[in-house]
Amino acid sequence: MNADLMSVIGEIQHRADAEGIRDTFLAAIGRYGFHRFIISGLPDSGMDVRPFVLLSGWPQEWYERYTDRGYVHHDPVALHCFATAMPFDWSDAPYDRASQAMAGRVMDEARDFGMDQGFCVPVHMEGGMQGVVSLVGETGHLDQKSRLELHMLALYAHGRLRYLGEAAEAGRERAITRREAEILKWAAGGRTAAEIAEITGLTARTINQHCENAQRRLGTSNRLHTVVEAIRRRLITL
């Protein structure tokens, strides 16, 4: 490992906030010719990716389109992360335009934002969770040494962001009540407040209040995020 890379990794390890990591990481990958990135976990099928995003260096318009439309579940680069532990060029992520029209759409729209080439580092975590560090830029000039350095840099950045997120969670009230867990479990199954009220014998207003209480306890931004976070922390099971 060269001294410059060791210095960057040390700086990332000492950063106490995501913005600091963004600045350090962006400067570091810029030396290899990359100018945009995303660092994230990868959700299971049908789940919103936004609660899993650790740090985005994408154009805001593309980020909103990608997350709003659930493109992560069609993105061949993201999907290939489940099939390999080794870094790869975006162009090596397989898909068939004839049978995977949405995959082609994702890649075509990304190209409209100047994101037609890139380098991806899959991150495999405990419990079977998957993550990704995806860099935007040309890859033809990269030699094996540069690829190894980018692999290490990506893993350190992902790990540091996860650590900071977990440390922030430790300062919040983690528990939810048994009733809140019950209601979130029904909500995870796609039930509306009115349907949960009929099942539980409570009013829809009370159901909504329980969801809001759980959201406040878990520090989440909406009901879907609350369900995702409760599942992630194993406070509810499906």
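The values are calculated or read from the model by the stated rules, or taken from the named source; none is laboratory data. Quick caveat: nothing in here was measured; it's all calculated off a predicted structure. Here the Cβ is made from the backbone with ideal geometry for all residues, glycine too, and neighbour counts use every protein chain on show. Only protein heavy atoms, including side chains, enter the accessible area calculation; ligands, DNA and RNA are left aside. Shrake-Rupley method; radii C 1.70, N 1.55, O 1.52, S 1.80 Å.
Remind me, relative contact order of the chain in percent, using alpha carbon pairs under 8 angstrom and six or more residues apart?
For the chain, the relative contact order is 19 percent.
Measuring with a 1.4 Å probe in the full set of protein chains, what accessible area per residue, in whole Å², belongs to the chain? Intermediate results must be reported in sequence, preceding the final value.
Working: 12340 Å² over 238 residues.
Accessible area per residue: 52 Å².
Dividing the helix sum by the residues of the chain, where each DSSP H run of 4 or more adds -39500 (n - 2.57), gives a mean residue ellipticity at 222 nm of -16000 deg cm²/dmol.
Helix 3-14 and the longest principal axis of the Cα set of the chain meet at an angle near 20°. Using C-alpha pairs under 8 Å with a sequence gap of at least 6, the mean separation divided by the residue count of the range 17-137 gives a relative contact order of 30 percent.
Using 0.36 nm per residue of separation minus the Cα-Cα distance, give me the extension gain between Glu182 and Gln100 in nm, one decimal.
Values: separation 82, 0.36 × 82 = 29.52 nm, distance 3.77 nm.
Roughly 25.7 nm would be gained on extension.
Between Asp44 and Ser7, what FRET efficiency follows from the Cβ-Cβ distance if R0 is 41 Å, with the result rounded to 0.05?
The formula returns an efficiency of 0.65 here.
Among 118-125, 183-190, sorting by the average number of other beta carbon atoms lying within 10 angstrom of each residue, highest first, gives 118-125, 183-190.
A viscosity of 0.692 mPa s and a temperature of 37 °C, combined with the Kirkwood radius over C-alpha pairs in the Stokes-Einstein formula, give the range 63-187 a diffusion coefficient of 194 µm²/s.
Which percent of the accessible heavy-atom area of the chain goes to carbon and sulfur, probe 1.4 angstrom? Please report the intermediate quantities before stating the final value.
Numbers: 6160 of 12340 Å².
Reported share for carbon and sulfur atoms: 50 percent.
Axis angle, to the nearest 10 degrees, between helix 178-188 and the longest C-alpha principal axis of the chain: 60 degrees.
Can you give the FRET efficiency for Asn222 and Asp143, using 1/(1 + (r/R0)^6), R0 = 45 Å, r = Cβ-Cβ distance, to the nearest 0.05?
0.50
Using a simple spin-label model with pseudo-atoms 7 Å out from Cα toward Cβ, Glu19 and Arg234 lie 3.6 nm apart.
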